[in-house]
1. Considering segment 17-46 alone, what residues qualify as being assigned to a helix (DSSP H, G or I) and either farther than 25 Å from Ala78 by Cα or of a type in the set (D, E, K, R) (or both)?
2. Which condition from (1) free of Cβ contacts under 8 Å to residues at least 24 places away in the same chain; (2) touching a helix residue (DSSP H, G or I) at 6+ places or on another chain (Cβ under 9 Å) is the one that Asp141 breaks?
3. Looking at segment 87-98 only, could you name the residues that are crowded, with 20+ Cβ neighbours inside 10 Å and modelled with pLDDT under 90?
4. Report, by residue number, each residue of segment 67-84 that is part of a helix (DSSP H, G or I) and either more than 18 Å from Ala33 (Cβ to Cβ) or at pLDDT 95 or above (or both).
5. For segment 39-87, which positions are of a type in the set (Ser, Thr, Tyr) and either outside the structural domain of Ala16 (by TED's automatic domain parsing) or more than 22 Å from the chain's Cα centre (by Cα) (or both)?
6. Taking Gly9 as the residue in question, decide whether it is over 19 Å from the mean Cα position of the chain (by Cα) and farther than 16 Å from Gln147 by Cα.
7. Against the condition at pLDDT 95 or above, in a helix (DSSP H, G or I) and within 23 Å of Ala169 (Cβ to Cβ), how does Thr203 come out, does it pass?
Amino acid sequence: MDTQIAFIGAGRMASAIVHGIIDQQHYTPEQIACTCGDDPTGTALAQKTGIHHLPTLETAAHSAKTIVLACKPQQLTAITAETKEAVRGKLLVSILAGTTLERLHHTFPLADNIVRSMPNTPGQIGAGVSAYAPLYPLQKDHAAIVQNILGALGQYHLVPEEQLDAVTALSGSGPAYLFEFAAALQEAGTHAGLPPRLANALTIQTLLGAAKLLEQSDESPDALRDAVTSPGGTTAAALQVLQNAQLRKTVDQAIQAAKERSIELAKL
């Protein structure tokens, strides 16, 4: 079996990467393998995509040239000496939240290079954004592999590792902030007299449209906001309430809290 890449873990993010790298023709299903713990995710992913499902971590690590670590962080304690040996000389890409390069290197000291990455949940539909940091500068072939893996989820950015906690707080946790805001908009819409289904439809399309405009415009968010806001108008009245509630300060505090928690989790 000519396995090029093996996934340790077969959950949602691993599945998204597998689907993406197959769809983008970076690998064929025959070149991909996965393994998992005592759950059906690995066999389900193999049946759905045609990749190989392997019974053990050691078998998966031995079989591939690149390893994608996509299990739960606490499962690192179950890594055996045989698995460590199986990773010798290979590229290891981790998508484990809060798991530092130092810890990964301690767990897999024989890996040729290790990359720590932070994707986010929109990667499940190819609309995500990831940041990554390597233990050592990436060779050209390894850089291409990492970009293929993370590119399957959406956009990606190379950053120093010390920025990954802030990345986690902004884009890693960020979708939850937007979902919370969407829920608030829907709820407020119904309080204002809209039927729930209509409030939901208006909320979703408003957020989608605003995000697309922000992406395609050369103007800053502040400038786009001002373009919507007429002095003394309805938008100005709403924004005044948000300003009085110190929305930006609250968001800043939320990001700082998430960053600090990311740092704490990395020490556990």
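The values are calculated or read from the model by the stated rules, or taken from the named source; none is laboratory data. Note that the structure is predicted; figures quoted are calculated from it, not measured. Cβ: placed from backbone, ideal geometry, glycine included. Neighbour counts: every protein chain shown.
1. Filtering segment 17-46 for residues assigned to a helix (DSSP H, G or I) gives 17-23, 29-31, 41-46.
His19, Gly20, Ile21, Ile22, Asp23, Pro29, Glu30, Gln31 - these are the residues of segment 17-46 that are assigned to a helix (DSSP H, G or I) and either farther than 25 Å from Ala78 by Cα or of a type in the set (D, E, K, R) (or both).
2. (2)
3. If the condition is that a residue be crowded, with 20+ Cβ neighbours inside 10 Å and modelled with pLDDT under 90, then Gly98 is the only one that fits.
4. Restricting attention to segment 67-84, the residues satisfying the condition of being part of a helix (DSSP H, G or I) are 73-78, 81-84.
Residues satisfying the conditions are Pro73, Gln74, Leu76, Thr77, Ala78, Ala81, Lys84.
5. Matches in segment 39-87: Thr43, Thr56, Thr59, Ser63, Thr77, Thr80, Thr83.
6. Values: over 19 Å from the mean Cα position of the chain (by Cα): no; farther than 16 Å from Gln147 by Cα: yes.
No; evaluated as a whole, the condition is false for this residue.
7. Working: at pLDDT 95 or above: yes; in a helix (DSSP H, G or I): yes; within 23 Å of Ala169 (Cβ to Cβ): no.
For Thr203, the condition - at pLDDT 95 or above, in a helix (DSSP H, G or I) and within 23 Å of Ala169 (Cβ to Cβ) - is not met.
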